[in-house]
1. Looking at the range 86-120, which of the residues that are more than 23 Å from the chain's Cα centre (by Cα) and of a type in the set (S, T, N, Q) is most open to solvent (accessible area, probe 1.4 Å)?
2. From Ile37, Ile79, Ile73, grab the single residue that is surrounded by 15 or more Cβ atoms within 10 Å (Cβ to Cβ), under 18 Å from the mean Cα position of the chain (by Cα) and of a type in the set (A, V, I, L, M).
3. Those residues that are within 13 Å of the chain's Cα centre (by Cα), touching a residue at least 40 places away in the same chain (Cβ under 8 Å) and closer than 25 Å to His109 by Cβ, I need them from the range 41-69; list them, please.
4. Anything in the range 105-141 that is part of a loop (DSSP other than H, G, I, E, B) and among the acidic types (Asp, Glu)? List them, or say none.
5. Of the numbered conditions (1) under 18 Å from Ser67 (Cα atoms); (2) free of Cβ contacts under 8 Å to residues at least 40 places away in the same chain; (3) surrounded by fewer than 16 Cβ atoms within 10 Å (Cβ to Cβ); (4) polar (S, T, N, Q), Asn131 fails exactly one; give the number of that condition.
6. If you take the residues of the range 44-67 that are open to solvent by 40 Å² or more (accessible area, probe 1.4 Å) and either among the β-branched types (Val, Ile, Thr) or part of a strand (DSSP E or B) (or both), which of them is nearest to Gln139 (Cα to Cα)?
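The values are calculated or read from the model by the stated rules, or taken from the named source; none is laboratory data. Predicted model, so just to flag it, every value in this text is computed and none were measured. So basically every Cβ, Gly included, is an ideal-geometry build from the backbone, and we count neighbours across all protein chains shown. Note: areas computed on protein heavy atoms with side chains; ligands, DNA, RNA excluded. Shrake-Rupley method; radii C 1.70, N 1.55, O 1.52, S 1.80 Å.
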Amino acid sequence: MAGVTGFVAVLLVALFSAGIVRAAENRPRLLGAPEVIDNPENDEGLQRALQFAMTAYNRASNDMYSSRVVRIISAKKQIVAGIKYIMEVEIARTTCTKPAADLQHCALHDEPQMAKRTTCKFVVLNVPWRNQIELLDSQCR
C-alpha cells in the first residue's frame, strides 16, 4: 500500500511539474522587454543599425584599416520610444584603408600580426518617424 501511495505522489509531482513547464511556454511575452531576433542576417532594421554602429566604430577608431562584422553573436530588439537594437558581434580588421566605401567587399587580413578580431556590444536607438538613429553604447573587448 505504501508503495502505491509513493508512486501516486511521484506521478502527481511529475504531472504538476510538466504543467508548469507547459504554462511557461505558452505565457505571453512581456511588453517592452527585449526580444531575441531569430534570424539577424535577414532583419533589415538590425542590419541598418549594425551598419550605423560600424560606421561610428570605424570613425572613432585610430586604426588605419577599416573593420567589418564577421559574425553576429546575438541580437535583440526592444520597443521603447523607437526601436532599440542590442547586438553582440565579432568584428575583424580588413585590408581596406579608411575611409572604405563598401566594407562587405573588403577582404579580411589573414596575416596573424594584422588579423585583429574583437567582440563588441552595440546598442542603437532608431526612431524612424523622426528619421533619427543614435549609438547609445559601444563596448569592445
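1. Filtering first and then ranking leaves Gln113.
2. Of the residues listed, the single one that is surrounded by 15 or more Cβ atoms within 10 Å (Cβ to Cβ), under 18 Å from the mean Cα position of the chain (by Cα) and of a type in the set (A, V, I, L, M) is Ile37.
3. Across the range 41-69, the qualifying residues are Leu50, Ala53.
4. Asp110, Glu111
5. Checking Asn131 against (1) under 18 Å from Ser67 (Cα atoms); (2) free of Cβ contacts under 8 Å to residues at least 40 places away in the same chain; (3) surrounded by fewer than 16 Cβ atoms within 10 Å (Cβ to Cβ); (4) polar (S, T, N, Q), the one that fails is (1).
6. Only one residue fits best here, namely Thr55.
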